[in-house]
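For reference, the structure discussed in these notes is given below.
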Amino acid sequence: MEAWTALVTGANRGLGKALADALLSRGARTVYAGARDPETVTDPRLVPVRLDITDPASVAAAAERCGDVTLLINNAGIGLRGGLIAPGSLDAARAEMETNYFGTLAMCRALAPTLARNGGGAIVNVLSVLSWITLPGLGTYSASKAAAWAMTNGVRQELAGQGTRVVGVHAAFIDTDMAAGVDLPKTSPATVAELVLDAVEKGEEEVLVDDITRQTKAGLSG
């Protein structure tokens, strides 16, 4: 990854931190660590960037600050465990759409010109196996990730002409705070980060992290 200058959103913990660590380990030139509170980014090798992907002014400021970026990793996301019909779930649905879909799209739009100027580069969008299936109590999250998957596929087509590769990452359960209450096998953030960066280096467009995700994708035609 020696040639990459990366911006990772939600880089202060969980998968975002693992991605930032993996980039550093692979020799990335600069790793910008986006977080709502940049003081939570404590690794001195990272460049903290104040970033709330739901705030247009914050997104614009981050894009201006990170004008040398060649790799954007859209990792920031939320999961509020809202059912589609349950009372109060519309608020959860709006919040998840604002972050997981609109926020990720805003980052793609803001950094696309930067990537074009810097030779094309790549965008990585962290999605989910729930882009394709819905589970009880997770309907609003699934809807936001399904929207983000469709957006990822569209952005890939729109940015192909400028040489920007777009990678979609799908996983079931990653061992982060979001899956803390799940009593099922989980993949470590470090493992996911390595798979993601391998895909970027190989020019792949999709990462299927685990068996659940691979089986789900294979079963879509059924």
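The values are calculated or read from the model by the stated rules, or taken from the named source; none is laboratory data. On a predicted model such as this, the values are computed, not experimentally measured, just so you know. Note that each Cβ is placed from the backbone with ideal geometry, even for glycine, and that neighbours are counted across all protein chains shown. Heads up: the accessible areas ignore ligands, DNA and RNA and are worked out on the full protein's heavy atoms, side chains in. Shrake-Rupley method; radii C 1.70, N 1.55, O 1.52, S 1.80 Å.
Annotation: Ala116 fulfils all but one of (1) touching an Asp or Glu at 6+ places or on another chain (Cβ under 7 Å); (2) more than 22 Å from Gly139 (Cβ to Cβ); the unmet one is (1). Please enumerate the residues belonging to the range 51-69 that are part of a loop (DSSP other than H, G, I, E, B) and open to solvent by 20 Å² or more (accessible area, probe 1.4 Å). Passing the criteria: Asp52, Thr54, Asp55, Gly67, Asp68. Would you mind stating whether Met151 is modelled with pLDDT under 95, on the phi < 0 side of the Ramachandran plot and not in a loop (DSSP other than H, G, I, E, B)? In short, no. In the range 12-52, the residue that is nearest to the chain's Cα centre (by Cα) out of those that are of a type in the set (Ser, Thr, Tyr) and under 15 Å from Val69 (Cα atoms) is Tyr32. Residues in the range 16-50 that are in a helix (DSSP H, G or I) and either farther than 15 Å from Leu72 by Cβ or in contact with a Cys (Cβ under 7 Å, 6 or more places away or on another chain) (or both): Lys17, Ala18, Asp21, Ala22, Leu24, Ser25, Pro38, Glu39, Thr40.
Only one of the listed residues (Ala171, Ala116, Ala122) is of a type in the set (Gly, Ala, Ser) and open to solvent by 30 Å² or more (accessible area, probe 1.4 Å). That residue is Ala116. Residue-level check: of (1) under 21 Å from Ala160 (Cβ atoms); (2) surrounded by fewer than 21 Cβ atoms within 10 Å (Cβ to Cβ), Ile78 misses just (1).
A residue that is more than 30 Å from Gly139 (Cβ to Cβ) and at pLDDT 95 or above can be found somewhere in the range 71-94.
In the range 158-174, the count of residues that are touching a residue at least 60 places away in the same chain (Cβ under 8 Å) and either more than 22 Å from Ala3 (Cα to Cα) or in a loop (DSSP other than H, G, I, E, B) (or both) is one or more. Only a single criterion out of (1) surrounded by 13 or more Cβ atoms within 10 Å (Cβ to Cβ); (2) more than 15 Å from the chain's Cα centre (by Cα); (3) in contact (Cβ under 8 Å) with a residue 24 or more places away in the chain; (4) in a helix (DSSP H, G or I) is not satisfied by Ile133, namely (4).
Taken together, the residues in the range 201-219 that are crowded, with 18+ Cβ neighbours inside 10 Å and in contact with a Leu (Cβ under 7 Å, 6 or more places away or on another chain) amount to 2. Exactly one residue out of Leu138, Leu105 is open to solvent by 30 Å² or more (accessible area, probe 1.4 Å) and either modelled with pLDDT under 95 or aromatic (Phe, Trp, Tyr) (or both): that is Leu138.
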